[in-house]
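Every number here is computed from the coordinates shown, using simple stated rules; none is lab data. Nothing here was measured: the structure is a model prediction, and the numbers come from that model. Cβ placement follows ideal geometry from the backbone for every residue including glycine, while neighbour counts extend to all protein chains displayed.
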Amino acid sequence: LPCISTSKDNIQNLGKYIIKRLRHENLAYQMIITCDENTIAMRKDRKLFTWGNNPFGELGLGHDDDQNIPEQIDPIHFQGKTIQSIHTGHNHILVQCTDDSLFSWGNNEHGQLGLGHTNNQYTPKLINSSHFQGKAIQSIHVRGQHTLTQCADDSLFSWGWNLSGQLGLGHANWRHTTPQLIDSTHFQGKTLQSIFIGKTGFQ
């Protein structure tokens, strides 16, 4: 029978290679979102990588230089929290963590980051949870330059660009830089099943 002779070192190196490959497979991307001119991807270990166009710091890397290869967002910005989901708007990004906290970064011209100001952010920033009045966030819906969140008790919060009244707050004031509670009486006591944000308000 044909056989192959090898050394102990070669066997050990092969074993190390197999382990390395297995670890690599374990770190495969589990979520990839392509925006207009950039991409954000989350690995199975919940680390985020971004690349592409970056004029407003939407890559979350601390600068506004474009990136033509994937670069990791420093996990320190997420304060030890575990990322659960990614949501993208027009040149800005929100992520929800498993403890219901929200982080945002990128373009903030209309307060769409929910941080209480209109300064662009080049790294992830925590949205003050007190704006949600202790309610658990169930779903996040981002469109253009405004956001709606639905909470576990069916209450809705909205913030960002509002020139067409798209925040549902009863007026068309230019913008809101922090999450605002939508008056539930407008829904006549009915339970919300799903939310869809169309093109209205995209700027």
| said: Going Cα to Cα from Lys135, which aspartates and glutamates come in below 17 Å? Please leave out same-chain ones fewer than 8 positions away. | reply: Asp99, Asp100, Asp153, Asp154, Asp183
| request: First measure r as the distance between the Cβ atoms of Asn128 and Asp154, then evaluate 1/(1 + (r/R0)^6) with R0 = 30 Å and state the FRET efficiency to the nearest 0.05. | output: 0.85
| field | All Cα pairs of segment 103-175, percent lying beyond 14 Å | value | 59
| task | Once you have the Kirkwood Rh of segment 56-190 from its Cα pairs, apply Stokes-Einstein at 10 °C and 1.306 mPa s and quote D in µm²/s. | result | 105
| said: Skipping prolines and chain starts, which residues have an amide H placed within reach, meaning under 5 Å, of the one on Met31, given they are 5 or more residues away or on another chain? | reply: Met42
| message | Calculate the FRET efficiency for Lys44 and Asn173 from the Cβ-Cβ distance with a Förster distance of 41 Å, rounded to the nearest 0.05. | response | 0.45
